[in-house]
Every structure is written in C-alpha cells, then in structure tokens.
Amino acid sequence: MSTLVKGIHHITQCPGPAQQDVDFCTQVLGQRLVKQTVLLDGNIPIYHFYYGNADGEPGSITTSFPYSRKPGRAGSGQISLLSYAIPKGTISFWKEHVERHGVDHDDVQERFARKYLRIRHPAGMQYEVVEADDCRRPWTTKQISADVAARGFFGAVMSVRSIAEQEQFFVDALGFRKVGVDGPYHRFEVSGGGPGGTIDLHHEPDRAPGSWSFGAGTFHHIAFGVDNDEALFAQKALYEELGYTDASEVKDRYYFHSMYVRSPGGILVECTANVANGFYRDETPEELGTRLNLPPWYESQRADILARLEPVTVPEENRPRRATKPAPTPVAAGAPVGSLSRTNADFSRYPR
Ligand SMILES: [Fe+2]
C-alpha cells in the first residue's frame with residue numbers, strides 16, 4: 001500500500017557545547033557535517049548543524065541545536081535513541097573505536113535478532129549502531145573506512161508509557177505496519193522497513209515523562225519524509241480528519257518545508273518535503289558544511305548572529321576534499337501549493 005510517509009527524514013537533538021557536538025558527531029560517529037545554519041524559530045541565535053552520510057541523504061540526517069543554556073530531562077514521551085546501520089560483522093570495530101575515544105557504551109546486545117551497540121554522546125543522548133544490509137554511501141574519516149562506516153539511519157526508538165494510542169497514531173496517521181514484539185520493544189515499519197523505515201516503541205509504563213522543550217541532553221523531534229508539498233498538505237489534512245487537530249502550519253525551513261504535530265505518546269513528529277536542490281541551494285557538493293549559511297531572509301542580520309554564536313572549528317576530514325556527487329542541475333522551485341510560515345526574528349535584541 002502506498003503511504004504519504006516514506007521513512008525517517010531527520011532526527012533533531014539538543015546537545016550541549018557546539019564544538020563538543022561537532023567533534024563527537026564527526027569523529028566518533030563518523031558523520032559528515034553537511035550544513036551549518038541557525039535555528040529559524042525565536043529570537044536567540046542558536047546553531048543548527050546537520051550531519052549525514054556522504055551524500056547528505058534524507059534518512060541519514062541528525063540535526064543539532066546546541067543548547068547549553070538549559071538542561072533537558074530524559075524520560076518517557078521522548079525519542080530515546082537513534083540507530084545507525086553498520087555493515088554486518090563490524091560491531092567489534094565500533095566497540096574498539098568508541099573505547100579509543102573514551103565514549104560511554106554498553107555491551108553488545110541483540111534485539112529482533114540483530115546485534116547492536118549502545119553508545120552515549122557526552123551531553124547524554126544515546127545512539128545505537130546496528131548491523132544491517134545497507135548500500136548507501138557512507139562518509140569516511142581517517143579512523144572509519146568505508147567497509148565499517150555507518151550508512152545512515154536504521155531507525156529510532158521512542159519511550160512511551162502506553163503502547164496502544166501511539167501504535168494507532170503510527171498505523172492510522174503515518175501508515176506504518178506493526179511487524180513484531182521483542183520483550184518491551186514493539187517494532188513498526190514503513191516502506192517495507194528500508195533504510196530509515198523502522199521505529200521501535202519501548203514500553204516503559206513507569207518511566208517519568210521527559211521534557212518537551214529544547215534542553216541539553218535530549219532528542220527534540222523526529223521528522224518523516226514525504227514526496228512533495230502536495231503530500232505534506234495531504235498529511236496535515238489526514239491528521240485533522242483523524243482528530244489530531246493541533247498540526248502546525250507548514251513552515252519554510254529553506255532546505256525543506258515542515259509541519260509538526262504532538263503524537264499521543266508525547267513525541268513531537270514532523271513531516272518534511274524537500275524543496276528543489278535541497279542542501280545544494282547554497283553550497284556545492286564539495287563545500288557542504290564548511291561555513292555558516294543563512295536563509296536569505298536572515299542574511300541582513302549575519303553580523304548580529306555571528307557575534308552571538310560560539311566559534312566552531314570544522315574537523316579536517318569534513319573540509320572539502322572532492323565532489324562526492326556531480327553538482328545537481330538547478331531546478332526551479334515550484335510554486336507552493338499552500339501558504340508557508342516563516343519566523344522573522346530580530347537577533348539584535350539578544351545580548352551579546
Ligand atoms: Fe526538524
């Protein structure tokens with residue numbers, strides 16, 4: 001059956017200090033820093049980093065709002081971890097690799113007959129590397145070669161106090177199919193469980209609720225990709241006809257368009273439609289992530305924004321080395337099929 005949702009597009013987290021996050025995501029997770037920009041909501045200049053595989057593909061993108069100003073609280077009603085797909089037989093490499101970096105981790109475990117290793121970001125968020133067949137092109141570093149590198153998302157795990165209503169949301173509103181239960185984990189797939197198409201609900205009935213706001217050490221939301229703006233507005237209409245009537249307006253995120261709803265279990269769920277040229281709107285393939293980019297409507301405030309951001313150094317392996325794919329032929333953005341929302345912040349009001 002065809003579904004509007006095609007799989008995970010990105011997952012957004014709130015780490016602490018910006019440089020700590022850049023170093024962990026690029027050097028330990030081996031991800032490519034794909035984009036440096038800023039949070040487009042509110043009046044406070046906060047970085048927005050995007051990390052992904054060699055091609056910066058949807059389904060591999062972790063995004064970070066470094067939010068040292070306030071700690072978050074991990075708990076139920078939250079994304080509890082994201083899973084990266086690694087080649088079969090490489091889990092021992094990853095255990096040695098994270099130990100070399102002094103990263104907190106658990107023993108190798110198994111769920112739904114797949115081996116995984118759980119590791120922790122210094123700010124507190126958890127990840128898994130999971131052995132799976134996946135042919136997407138990985139980014140590589142001096143320590144992580146292509147034969148062991150993470151390909152992109154395998155999926156994500158969400159902590160919920162009750163399964164039933166969150167299951168109904170995933171099945172009826174997002175088009176997922178329940179495929180199994182392993183202890184407290186309930187597994188759902190979309191698009192046949194391909195890359196980024198797997199979600200596990202972790203049933204934790206006694207776990208206190210986690211925070212919903214931006215806060216260091218927590219995941220903030222998960223985004224699922226849809227084909228285009230028409231599908232995005234159709235998804236909003238579907239939410240509303242099912243009674244999920246707090247779906248947001250459709251927001252212009254420059255590289256894509258986004259619409260948000262709070263799911264019954266508490267997790268904020270975004271649906272996302274790419275715009276023409278996506279991450280290549282303002283950088284060539286070999287330049288991705290090497291400088292701060294702002295959407296055109298914030299460019300006049302560049303000096304005010306830069307003066308309020310902590311400087312970061314892009315690791316050597318994430319600086320331009322070669323084109324990873326041919327520059328795309330520019331595609332004219334089509335006329336939006338519905339009205340788009342933008343926040344017009346005044347960053348000069350925030351103290352330096
Ligand atoms: Fe998002």
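The values are calculated or read from the model by the stated rules, or taken from the named source; none is laboratory data. These numbers come from a predicted model, not from an experiment. Don't worry about glycine lacking a Cβ; one is built from the backbone with ideal geometry, like all the others, and counts go over all protein chains shown. Surface areas here come from the heavy atoms of the whole protein model, side chains and all, with no ligands, DNA or RNA. Shrake-Rupley method; radii C 1.70, N 1.55, O 1.52, S 1.80 Å.
Residues in segment 142-158 that are in contact (Cβ under 8 Å) with a residue 12 or more places away in the chain and under 16 Å from Pro87 (Cα atoms): Gln143, Ile144, Asp147, Val148, Ala149, Ala150, Arg151, Gly152, Phe153, Phe154, Gly155.
With respect to being modelled with pLDDT under 95, farther than 30 Å from Asp133 by Cα, open to solvent by 10 Å² or more (accessible area, probe 1.4 Å) and charged (D, E, K, R), Arg73 falls outside the description. Gln143 falls short on exactly one of the conditions (1) over 12 Å from Leu29 (Cβ atoms); (2) open to solvent by 30 Å² or more (accessible area, probe 1.4 Å); (3) in contact with a helix residue (DSSP H, G or I) (Cβ under 9 Å, 6 or more places away or on another chain), and that condition is (1). The set of residues in segment 200-214 being within 16 Å of the ligand (Cβ to nearest atom) and either surrounded by 21 or more Cβ atoms within 10 Å (Cβ to Cβ) or closer than 30 Å to Ile86 by Cβ (or both) consists of Phe214 alone.
Can Asp206 be described as in a loop (DSSP other than H, G, I, E, B), out of contact with any helix residue (DSSP H, G or I) (no Cβ under 8 Å at 6 or more places or on another chain), acidic (Asp, Glu) and over 18 Å from Cys271 (Cβ atoms)? So Asp206 passes the test. One residue stands out among those in segment 238-250 that are surrounded by fewer than 18 Cβ atoms within 10 Å (Cβ to Cβ) and within 16 Å of the ligand (Cβ to nearest atom): the one that is farthest from Phe169 (Cα to Cα), which is Glu249.
One residue stands out in segment 263-277 among those that are open to solvent by less than 40 Å² (accessible area, probe 1.4 Å) and part of a loop (DSSP other than H, G, I, E, B): the one that is nearest to the ligand (Cβ to nearest atom), namely Ile267. The set of residues from segment 1-35 being farther than 24 Å from Leu117 by Cβ, away from the ligand (no atom under 16 Å from the Cβ) and touching a Phe, Trp or Tyr at 6+ places or on another chain (Cβ under 7 Å) comprises just one member, Ala18. Criterion applied to Gly175, Gly196 was being assigned to a loop (DSSP other than H, G, I, E, B), at positive phi and buried (at least 20 other Cβ atoms within 10 Å of the Cβ), and the one residue passing it is Gly196. Checked against (1) in contact with a strand residue (DSSP E or B) (Cβ under 6 Å, 6 or more places away or on another chain); (2) touching a residue at least 60 places away in the same chain (Cβ under 8 Å), Lys88 passes all but condition (2). What about Val157, is it open to solvent by 60 Å² or more (accessible area, probe 1.4 Å), within 26 Å of Thr90 (Cα to Cα) and of a type in the set (A, V, I, L, M)? No.
Going through (1) within 20 Å of the chain's Cα centre (by Cα); (2) at pLDDT 95 or above one by one, Ser191 falls short only on (2). Within segment 83-106, the set of residues being under 24 Å from Leu201 (Cα atoms) and crowded, with 22+ Cβ neighbours inside 10 Å comprises Ser83, Tyr84, Ala85, Ile86. Taking segment 39-49 as the range and being open to solvent by 10 Å² or more (accessible area, probe 1.4 Å) and of a type outside the set (A, V, I, L, M, F, W, C) as the test, the residues that pass are Asp41, Gly42, Asn43, Tyr47, His48. Could you please let me know if Arg302 is more than 14 Å from the ligand (Cβ to nearest atom) and open to solvent by 10 Å² or more (accessible area, probe 1.4 Å)? It is true that Arg302 is more than 14 Å from the ligand (Cβ to nearest atom) and open to solvent by 10 Å² or more (accessible area, probe 1.4 Å).
Taken together, Tyr280, Tyr260 contain a single residue that is free of Cβ contacts under 8 Å to residues at least 60 places away in the same chain, open to solvent by 20 Å² or more (accessible area, probe 1.4 Å) and within 16 Å of the ligand (Cβ to nearest atom), which is Tyr260. One residue stands out in segment 1-38 among those that are open to solvent by 10 Å² or more (accessible area, probe 1.4 Å) and among the charged types (D, E, K, R): the one that is nearest to Ser211 (Cα to Cα), namely Asp23.
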